[in-house]
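Colleague: Below you will find the structure I want to go over with you.
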């Protein structure tokens, strides 16, 4: 299976990155498969080395084309019945709510499957997912997963990244087959079918019931939030500061239901049903029960990629056990990945899917080798070393992805895991015991207190680790190519160990030196970098002057204090440029900071002039400026500037007047609301 999955992965990734979107690839796959079948029967008559070589080559081509075909066939907006093919002004849509609605600050977000498009008296059967935002009211709050709604709306394409270095939300949704979004007005929708029971909606109701059991038995606050996230995969109530503490401590993985949690469920059920191994026919019933429990747990925890992967893998293990087949773990992993990618090839782009498989591979391969490096005589210390070796092994294979996606590295992960891994086992086991004992209130209250105490201790340890000096190295930025380089280095070291050949170590060291040289060159190049950036953030005027690794940033305190907004929109770009912490700009006083002069409302930076007009400013005339950034809807009578940047606060009529004036007099204009962040690099 390992040999088979490699060409399949090549085909899947090639189709995604090269945007293969033609059915002709499916035809190529069919032709190649036909050639393979003919070759198979020809080869059976007289087997030669050449025929085996050709057969193997054709098989790899078939699997690569299979990967491409899977992407083509799973790309929803490529299908002939995608709802966008029938959408028109005035269309109405029949949608089914396919996920649990999310309660946003100002709206209710729903992922809906468009089942029908109604144009006048014509009804078109359709498919395709979209994001729907409903105005928050009592009716919208009552929408449940499985409901069928009739709506009238106008779809809009989802915009790409607005700021440099920002997470590409459009790509994320594209990989989940969502390409459009819409806001549904209060009077433009009505329910058609409510309380519709599906397997997923039933599982969601079961999860809600289990959440209520946790609350009824004394769990509240952060203890309730962490217990529900760890046991049931429900993370909506997690406090942002607590999530940050778990991230800083390198313990986020216990909050996301994954292989660890599914493995515990598997062990508990397998142990409870051990008596069924004695009877031959009962063994089959045992496997059926295990499979039902595993996949129902996967359902109530949201069917995340990591849970689906783990449930699939343990399903292979359970079925193999019935036939007394002990599969090699690498083959089991490859088999589960192969099956999942055939069902949904876009899973390969899920961060959870990637981290999950790499973590398991790291534990399986590196943990025994790391563990053998140190002999520990005492059992208690040996247990500590076992957990530490597991943490080191998992971190070794996942840290490049952590740097790529999250731009950070938790320094004390090996300490936190000494608590959170056994803590997760205890919480999972006691959580199951609490659900089982729920009918016996006296017992369940006692179990609930024990569970709450364990979660409290785990939270306290994690928050204490978070406040340690240098607990989290932030602002680290690497490219996809650098991430691949790191994995190639790791693979070369593994090859050197396995084949005991010095040349692999030499190649690895050469690549490491090459990475250092590239990094030094980039640092030297960035010392000359001078740039003006105005980030596109709703209701938050800002601008950023960058000179080498120094920079000055103006923003209101409301933006500075919003850590998630800063991280999502701004700080990743700072990390990519290796910038030091910025100095903030106060507009009340004259500033001379070496790289910036501010006097009389005009900034002087790199021999260029910059003026910022706040939303309350009323300016009569703009004189000889290089950059004029306005949030004001008051349009000056005369604009004498080279670059006009229009902020989000400007009204629509004033925006049009600004743009018309700029076009008339040949002024370069940039509209933040339409064009995203403004960037100007000084030569």
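Taken together, the values in this text are just the output of simple stated rules run on the coordinates, not laboratory data. These numbers come from a predicted model, not from an experiment. Neighbour counts are summed over all protein chains in view; Cβ atoms, including those assigned to glycine, are modelled from backbone coordinates with ideal geometry.
Colleague: Can you grab the distance from the C-alpha centre of the stretch 92-149 to the C-alpha centre of the stretch 179-253, Å, no decimals?
Modeller: 19 Å
Colleague: OK, next. Using the beta-carbon distance between residue 322 and residue 138 and R0 = 41 Å, what value does 1/(1 + (r/R0)^6) give for FRET efficiency, to the nearest 0.05? Don't skip to the answer; put the middle values down first.
Modeller: On the way: r = 52 Å, r/R0 = 1.26.
That pair, residue 322 with residue 138, gives E of 0.20.
Colleague: As I understand it, the value is the acute angle between the Cα axis of helix 351-371 and the longest principal axis of the Cα atoms of the chain; what does it come to in degrees, rounded to 10?
Modeller: Taking the Cα atoms of the chain, the angle to 351-371 is about 60 degrees.
Colleague: Based on other C-beta atoms within 10 Å, arrange 377, 207, 3, 530 from fewest to most.
Modeller: Result, fewest neighbours first: 377, 3, 530, 207.
Colleague: Using only alpha carbon positions, build the gyration tensor of the stretch 193-239, then give the equivalent ellipsoid semi-axes as the square roots of 5 times its eigenvalues, largest first, whole angstrom. Walk me through the numbers on the way to the answer.
Modeller: Values: eigenvalues 107, 24, 14 Å².
Gyration-tensor ellipsoid for the stretch 193-239: 23, 11, 8 Å.
Colleague: Also, I was wondering about something else. Between residue 634 and residue 199, take the C-beta separation as r, use R0 = 60 Å, and let me know the FRET efficiency to the nearest 0.05.
Modeller: 0.55
Colleague: To continue, here is another question. Could you work out Rg/(2.2 N^0.38 Å) for the stretch 2-74, with Rg from alpha carbons only?
Modeller: The value comes to 1.18.
Colleague: Still on this structure, I have one more. With the calculation restricted to Cα positions, what are the radius of gyration and Dmax of the stretch 23-177 in angstrom?
Modeller: Reported Rg and Dmax, both Å: 22.9, 74.
Colleague: Suppose the chain between residue 351 and residue 55 were pulled fully straight at 0.36 nm per residue; how much longer would it get relative to their current alpha carbon spacing? Present the calculation step by step, with values, prior to reporting the outcome.
Modeller: On the way: separation 296, 0.36 × 296 = 106.56 nm, distance 3.48 nm.
Difference between extended and current length: 103.1 nm.
Colleague: While we're on this one: Roughly what % antiparallel, to the nearest 5, for the DSSP beta bridges in the chain?
Modeller: The answer is about 70 percent antiparallel.
Colleague: Roughly how tilted is helix 2-17, in degrees to the nearest 10 and between 0 and 90, from the longest Cα axis of the chain?
Modeller: Approximately 20 degrees, to the nearest ten.
Colleague: Name the shape class, rounded, prolate or oblate, that the alpha-carbon gyration tensor gives for the stretch 480-526, where a ≥ b ≥ c are the square roots of its eigenvalues, rounded holds for a/c under 1.5, and otherwise prolate holds if a/b is larger than b/c and oblate otherwise.
Modeller: Oblate.
Colleague: Same structure, new question: What ranking of 75, 565 emerges when the number of other C-beta atoms within 10 Å of each C-beta is taken as an exposure proxy, fewest first?
Modeller: Taking fewest neighbouring Cβ atoms as first place, the list is 565, 75.
Colleague: Still on this structure, I have one more. Where Rh is the Kirkwood radius over the Cα pairs of the stretch 203-272, the temperature 20 °C and the viscosity 1.002 mPa s, what D in µm²/s does Stokes-Einstein return?
Modeller: 165 µm²/s
Colleague: Determine, for 494, 436, 307, the number of other Cβ atoms within 10 Å of each Cβ, and report the residues in order from fewest to most.
Modeller: On the way: 494 15, 436 12, 307 26.
Least crowded to most crowded, the residues run 436, 494, 307.
Colleague: Report the gain in length on full extension from residue 237 to residue 26: 0.36 nm times residue separation, minus Cα-Cα distance, nm rounded to one decimal.
Modeller: Result: 71.5 nm gained on full extension.
Colleague: Further question: Roughly speaking, what is the centre-to-centre gap between the stretch 502-572 and the stretch 267-291 when only Cα atoms are used, to the nearest Å?
Modeller: Here the answer is 55 Å between Cα centres.
Colleague: What's the center-to-center distance, using Cα atoms, between the stretch 446-493 and the stretch 362-386 in Å?
Modeller: What the calculation gives is 20 Å, centre to centre.
Colleague: Related question: Counting each DSSP H run of 4 or more residues in the chain as -39500 (n - 2.57), what helix-only mean residue ellipticity at 222 nm follows after dividing by all residues, to the nearest 500 deg cm²/dmol?
Modeller: After summing the helix terms and dividing by residue count, I get -17000 deg cm²/dmol.
Colleague: Give me the distance in nm between label points sitting 7 Å out from Cα along the Cα-to-Cβ direction at residue 580 and residue 494, one decimal.
Modeller: Those two pseudo-labels are separated by 4.0 nm.
Colleague: How far apart, in nanometres, would the label points at residue 556 and residue 445 be if each is projected 7 angstrom from Cα along the Cα-to-Cβ direction?
Modeller: Modelled inter-label distance: 5.0 nm.
Colleague: Moving on to the next point. Which angle between 0 and 90 degrees, to the nearest 10, do you get for helix 413-436 versus the longest principal axis of the chain when only C-alpha atoms count?
Modeller: The two axes meet at around 60 degrees.
Colleague: In addition: Output needed: percent of Cα pairs per 10 Å distance bin for the chain, bins running from 0 to the one holding the longest distance.
Modeller: Answer for the chain: a P(r) of 3, 11, 19, 24, 21, 14, 6, 2, 0, 0 percent.
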